[in-house]
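The values are calculated or read from the model by the stated rules, or taken from the named source; none is laboratory data. What you see is a predicted model, and the numbers here were worked out from it, not measured in a lab. Methodologically, a virtual Cβ is constructed for each residue, glycine included, from the backbone with ideal geometry; neighbour enumeration extends over all protein chains shown.
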């Protein structure tokens, strides 16, 4: 868990700079939207996580599912850009 949270701390500034690169104007609004989206998604995931049984297996399965969804989004984005 420490490695996962630590890696988020390392990549989050890079994610924000990549996101902000698309907004040459109105960067303050873009930063606000990015922050609000992060907190909204975290709140939804937190609420959904309370519905899971208290078992390490379910936590690992949900993390794997989130990784698969993320990879599909990235692969789709790369195919669109080509």
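Output the residues belonging to the stretch 10-25 that are outside any helix (DSSP H, G or I) and out of contact with any helix residue (DSSP H, G or I) (no Cβ under 7 Å at 6 or more places or on another chain).
Selection gives 21, 22, 24, 25.
Those residues that are within 16 Å of the chain's Cα centre (by Cα), farther than 16 Å from residue 15 by Cα and modelled with pLDDT under 85, I need them from the stretch 26-45; list them, please.
45
Residues of the stretch 32-43 being surrounded by 12 or more Cβ atoms within 10 Å (Cβ to Cβ) and over 24 Å from residue 66 (Cβ atoms), which ones?
Passing the criteria: none in range.
A quick yes/no check of all residues on (1) closer than 22 Å to residue 4 by Cα; (2) out of contact with any helix residue (DSSP H, G or I) (no Cβ under 9 Å at 6 or more places or on another chain); (3) outside the structural domain of residue 4 (by TED's automatic domain parsing):
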site	(1), (2), (3)
27	no, no, no
34	yes, no, no
47	yes, yes, no
61	yes, yes, yes
70	yes, yes, yes
73	yes, yes, yes
78	no, yes, yes
